[in-house]
Amino acid sequence: MIERVVLELGPWSWWVLGLVLLAAEVVAPGVFLVWIGIAAILTGAVSLLLWDAGFWVWQAQLVFFALLSIAAVLMGRRLLARSADVSDEPLLNQRGARLIGRTAVLEQPIVEGRGRIRLDDTTWTVDGPDLPAGTRVRVTGSNSGRLSVESAL
């Protein structure tokens, strides 16, 4: 059945495959199928030019598509990797990391390494040396929603 469809559509079968792959990228995004879809559409464009050539049999088309797909995926990864490195807000979704260096007053004493502070509108669990409530502390680190503190004196 697939062979019959490919024979009837001719070089347009690559265009159909490319559009199906691009549609699949919309349904299941991951920025992977888009490159293979583009390779299929380019294979279709070359097939339009070479369809009547004796050497442009389905095996040659498949090899061309595979090589073009690999090249497109590698170029796409390089393109996306280059643009993903730069951010004007590198700590945007790392709330605890944004608090490093700030000072606060202990709401609850640090007993056996655990206590609580309030920063802005949030109460945070803190780890650090045993200190009484009311002590001014500085945030030195963040790990899994807990802040590490030391005395700010």
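All of the numbers you see were taken from the coordinates with simple rules; none came from a lab. These figures come from a predicted structure and were not determined experimentally. Because the Cβ atoms are built from the backbone with ideal geometry, glycine has one as well, and the counts that use them run over all protein chains shown.
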Worksheet item: To the nearest 0.05, how large is the calculated FRET efficiency for A45 and L79 if R₀ is 25 Å and r is the Cβ-Cβ distance?
Response: 0.75
Discussion item. Compute the distance from the alpha-carbon center of segment 21-74 to that of segment 86-119, in whole Å.
Written reply: 50
Worksheet item: Each residue of segment 44-51 in turn: what ³J(HN,Hα) in whole Hz from Karplus with 6.51, -1.76, 1.60 and θ = phi - 60°, glycine and Pro shown as x?
Response: x, 5, 5, 5, 4, 7, 10, 4
Worksheet entry | Fewest-first sequence of W58, W12, W35 by Cβ atoms within 10 Å of each Cβ | W58, W12, W35
Item to complete: Using just the helices of the chain, give the 222 nm mean residue ellipticity in deg cm²/dmol: DSSP H runs with n ≥ 4 each add -39,500 (n - 2.57), and the total is spread over all residues, rounded to 500.
Response: -15500 deg cm²/dmol
Practice prompt. Rank the residues W15, W51 as a footprinting-exposure proxy: fewest other Cβ atoms within 10 Å of their Cβ go first.
Written response: W51, W15
Fill in: Length released on extending from S151 to R102, taking residue separation times 0.36 nm less the Cα-Cα span
16.5 nm
Worksheet item: When every alpha-carbon pair in segment 95-151 is counted, what percent end up more than 19 Å apart?
Response: 11
Practice prompt. Report the full-extension gain for the segment V57 to N93: residue separation times 0.36 nm, less the Cα-Cα distance, to one decimal in nm.
Written response: 7.7 nm
Discussion item. Run the Debye formula on the Cα coordinates of the chain, all scatterers equal and no solvent, and tell me log10 I(q)/I(0) at q = 0.09, 0.13, 0.16 1/Å.
Written reply: -0.55, -0.69, -0.86
Worksheet item: Using the reciprocal of the averaged 1/r over all distinct C-alpha pairs, how large is the Kirkwood radius of segment 2-84 in Å?
Response: 13.3
